[in-house]
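The next block holds one structure in the form of structure tokens; read it before the comments.
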């Protein structure tokens, strides 16, 4: 008995040590957000001589933190809400009506997950500007326009994940509901969508991290100071020749915290959801 | 289940419309551009060159090398990411007390955006390594490649781990108990029972890691900047440099289309292989 | 319980979505949608004296990241004084030129932007507005207004000079007046345990600036350059380049490998006395602020063929987008007028941005020691030009790898020069 216990204690300790070492770069990020440039130059890994928050102050100031985080939040939350709704609807429809059109569209959606962004970067910008000039809807330099683009880019992954999950749900429940008199809309929202929780959580987590941290697309479309998102504001510290490490790291710490909190909050949902699903077998 | 066309359209049209505008149209425009020679500036002339751009690819040593390099990098990274991710998932789904904390810690790398992650690791591999006399890894082409693989694994293992966790937790307990009763050892259970049931997870993870590694850009440009001497330039960076540094817009687009086709073929092969081995429950 | 929370989250985001959606209507409406803090004091409709019909919104997009914060304030002051709305776009250094080209190409470009005079401005010639009607155009120091295709298009920012920035305690530059003298100094420095001359790994600092000297000291730099590009002459046959090859070999033998040094660390090494000289320019002075510098420093020339002139030129200039609408272009011109002739504007240029005066009648009290040296020699005309501004665009990406390779192999100085030469010729195709 005792040997099992000690080996478990040992295993726990070993695991924790491994995890701490694994997160060595995080240690670098944290310590260097408190150091002055010459301190960092002297020794990259030493602990800071004093824990002054001055780099946090200056970083947040230069980032126009309040505006940046507001923009990032709106962009991320709205995009994801719409993505979750539309992707689940579309995937369900594809799975339930197994016709050639569904198969083809699904295939195209998935295939486009493979397109590297650089390929369509320029044509996309030209198209967006064309729409702005000729159709009268300003797509560039606006958050709604960017939301529109993120929905387009997130469609492939979202539908892919939902499709896989929905395929494993038996149709019987839905058919029962139809017999009971529900129309298609109610069947989906009352029966199917609640069952999709684990996948919804997965989609949300992956998309939140993607959109929150995305730099390239917003940097191309958003210009006005009032529209900047956090990654764009953070890029300020990465100059052409020199990196203002202390401010950059402070900015990074501040950027990760919301996502980390969000992830911690969602973790429980995933585990509960998956466990519930597993019990059902 | 019979669904009327009206519902079908309602459920799928919104997403498909946005997707079409944001992804398909620019892609088509991009294909159009691949047949011209242009430097990207609207006022400068564009000349139609037919398939010249495509043929040029075969004589472009730098592109071919970067293609080969990307393939090698992808294959190795996919293996590492999935092996490490799976090991993490197995560890974290045991009943150790620290399992939950470990799970969170191991996921943290994924929360950090690609560009910044690259910069941080860049200073680890160059300045930090120099200070401990391991030498600057980024000036040696093999070590730079290893650096890319390490960073990619570090970033993506946590993400893959989550998918595997979901898969592992979905394995019904009765199956595992049956194996236990039959006297199967840990490894036997692992390979003969768990793996086949994890096939759907494998399909998803392999697909996602394959496509992500092929498309790698952020980490490439931040970590190695294609150095030394373009010896670590991957596909996406090569295309990006072609379009922007060398101002060969049409040629860059042609390369991008080819790039896409290669990824599409490889991932389709992968998916069909692993789909065949999926065991339905 | 879970269902309700999710519904709540979705409801909240819908609400957010509505708020933002309603806030941003179609572009047919006026520029009021732009919430730039700049227009806090005066909204465009309520503009006083000047009717805002005459002056459109001015969008500035430029490349110097060091001045961004102050430029924002400067723009605010300008709006306070004139009521013209200004929007300043941010950039992160490296991608500037790429971003600019993308913006100009999609008809959504900025009104006022910066370029490096030379191959960059030539490439963008079709987008540049003629600025010869600016009132102070004739007062700009000789030869500094950028002219492309016969049009005056660029107003210089400042002057920059580069060469050997030295630590007066570690080196007596009066003795460094030839390549041989420099080489012996490097050897001595190595024996003494300090880095004689520090380069860093970034393209420009690694090779572009260094290679500028042999080109710039030719009798007719432009003519020589075109002969090299067309393949009519080979660099290796030229004395300046022969010495360059020798010099590079000496650096490799006696100094730290530049590929291992970042700009940050190079400045740090210099500021802490570990490096006697760095091949840098007056812009690097701000990097020393974080260190306790306790020695005198100055800037001197790279003495190939006995050269004693620092390379000085206009690193960037203001250009106006010729595709912008007339009203915006008027605003851009007014801004430049204000910047270079009004007291507030000039104060920004000199005191806040720390620029070297380029217009007659402008003086600066706030130049750091290196910038002051540069301004001095520029005023005397005792300088060599930036030949590199005319090299084929993007060539740094071809030259840098060759040099990196040089530092880790036993390539001879001659082979180095020949390989660099080949890069020039193929970049010209």
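The values are calculated or read from the model by the stated rules, or taken from the named source; none is laboratory data. The shown structure was predicted, so the numbers you read here are calculated from the model rather than taken from an experiment. Note that each Cβ is placed from the backbone with ideal geometry, even for glycine, and that neighbours are counted across all protein chains shown.
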Hey, residue A:242 hits all of (1) at pLDDT below 85; (2) more than 8 Å from every other protein chain (Cβ to nearest Cβ) but one; which does it fall short on? (2)
Within region B:106-118, count every residue that is within 18 Å of residue A:219 (Cα to Cα), part of a helix (DSSP H, G or I) and at the interface with another protein chain (Cβ under 7 Å from one of its Cβ atoms). 2
So is residue A:143 at pLDDT 85 or above, more than 7 Å from chain B (Cβ to nearest Cβ), buried (at least 22 other Cβ atoms within 10 Å of the Cβ) and more than 28 Å from residue B:160 (Cα to Cα) or not? yes
Looking at C:269, C:260, C:292, which one is modelled with pLDDT of 90 or more and surrounded by fewer than 21 Cβ atoms within 10 Å (Cβ to Cβ)? C:269
Tally up the residues in region C:189-239 that are under 30 Å from residue C:265 (Cβ atoms), more than 24 Å from the chain's Cα centre (by Cα) and surrounded by 15 or more Cβ atoms within 10 Å (Cβ to Cβ), please. 5
Go through region B:1-43 and give me each residue that's more than 7 Å from every other protein chain (Cβ to nearest Cβ), part of a loop (DSSP other than H, G, I, E, B) and either farther than 22 Å from residue A:112 by Cα or under 24 Å from the mean Cα position of the chain (by Cα) (or both). B:2, B:4, B:38, B:39
Does region C:202-214 contain at least one residue that is out of contact with any strand residue (DSSP E or B) (no Cβ under 7 Å at 6 or more places or on another chain), more than 14 Å from every other protein chain (Cβ to nearest Cβ), in a helix (DSSP H, G or I) and closer than 25 Å to residue C:158 by Cβ? yes
Please tell me if residue C:289 is within 25 Å of residue C:144 (Cα to Cα) and part of a helix (DSSP H, G or I). no
Those residues of region A:205-239 which are in contact with a strand residue (DSSP E or B) (Cβ under 7 Å, 6 or more places away or on another chain) and more than 7 Å from every other protein chain (Cβ to nearest Cβ), in sequence order: A:237
Members of region C:198-223 found to be more than 12 Å from residue C:240 (Cα to Cα) and free of Cβ contacts under 8 Å to residues at least 12 places away in the same chain, listed by number: C:220, C:223
Within region A:148-183, how many residues turn out to be assigned to a loop (DSSP other than H, G, I, E, B) and more than 10 Å from chain B (Cβ to nearest Cβ)? 5
Residue B:129 surrounded by fewer than 22 Cβ atoms within 10 Å (Cβ to Cβ) and within 30 Å of residue C:256 (Cβ to Cβ): yes
Does any residue of region C:327-334 turn out to be part of a helix (DSSP H, G or I) and closer than 30 Å to residue C:166 by Cβ? no
Among the candidates C:170, C:225, C:197, which residue alone is part of a loop (DSSP other than H, G, I, E, B), more than 14 Å from chain A (Cβ to nearest Cβ), more than 21 Å from residue C:381 (Cα to Cα) and in contact with a helix residue (DSSP H, G or I) (Cβ under 9 Å, 6 or more places away or on another chain)? C:170
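For (1) outside any helix (DSSP H, G or I); (2) farther than 15 Å from residue C:285 by Cβ, each residue gets a yes or a no:
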| residue | (1), (2) |
| --- | --- |
| C:344 | no, yes |
| C:348 | no, yes |
| C:356 | yes, no |
| C:362 | yes, yes |
| C:366 | yes, no |
| C:373 | no, no |
| C:377 | no, yes |
| C:389 | no, yes |
Go through region B:81-105 and give me each residue that's surrounded by fewer than 18 Cβ atoms within 10 Å (Cβ to Cβ) and part of a helix (DSSP H, G or I). B:83, B:87, B:90, B:99, B:100, B:101, B:104
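A quick yes/no check of all residues on (1) surrounded by fewer than 22 Cβ atoms within 10 Å (Cβ to Cβ); (2) more than 14 Å from chain C (Cβ to nearest Cβ); (3) more than 30 Å from residue B:130 (Cβ to Cβ):
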residue: A:7; (1), (2), (3): yes, yes, yes
residue: A:29; (1), (2), (3): yes, yes, no
residue: A:39; (1), (2), (3): yes, no, no
residue: A:72; (1), (2), (3): no, no, yes
Residue that is under 20 Å from residue A:81 (Cα atoms) and either part of a helix (DSSP H, G or I) or free of Cβ contacts under 8 Å to residues at least 12 places away in the same chain (or both), where the choices are A:108, A:131, A:191, A:120: A:191
In contact (Cβ under 8 Å) with a residue 60 or more places away in the chain, surrounded by fewer than 23 Cβ atoms within 10 Å (Cβ to Cβ), under 15 Å from the mean Cα position of the chain (by Cα) and outside the structural domain of residue C:266 (by TED's automatic domain parsing) - does that describe any residue in region C:85-101? no
Just checking, which of C:69, C:80, C:130, C:138 is touching a strand residue (DSSP E or B) at 6+ places or on another chain (Cβ under 8 Å) and either more than 14 Å from chain A (Cβ to nearest Cβ) or assigned to a helix (DSSP H, G or I) (or both)? C:130
Give B:58, B:80, B:88 a once-over and let me know the one that is under 19 Å from residue B:233 (Cβ atoms) and in contact with a helix residue (DSSP H, G or I) (Cβ under 8 Å, 6 or more places away or on another chain). B:58
Filter region B:206-234 down to the residues that are modelled with pLDDT under 85 and more than 14 Å from chain C (Cβ to nearest Cβ) and list them by number. B:207, B:208, B:211
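Yes or no, residue by residue, for (1) over 20 Å from residue B:74 (Cα atoms); (2) outside any helix (DSSP H, G or I):
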{"site": "B:237", "(1), (2)": "no, no"}
{"site": "B:242", "(1), (2)": "yes, no"}
{"site": "B:247", "(1), (2)": "yes, yes"}
{"site": "B:258", "(1), (2)": "no, no"}
{"site": "B:264", "(1), (2)": "no, no"}
{"site": "B:271", "(1), (2)": "no, no"}
Might you let me know whether region C:300-309 holds any residue that is closer than 16 Å to residue C:370 by Cβ, in the same structural domain as residue C:399 (by TED's automatic domain parsing), in contact with a helix residue (DSSP H, G or I) (Cβ under 9 Å, 6 or more places away or on another chain) and without any contact (Cβ under 8 Å) to a residue 60 or more places away in the chain? no
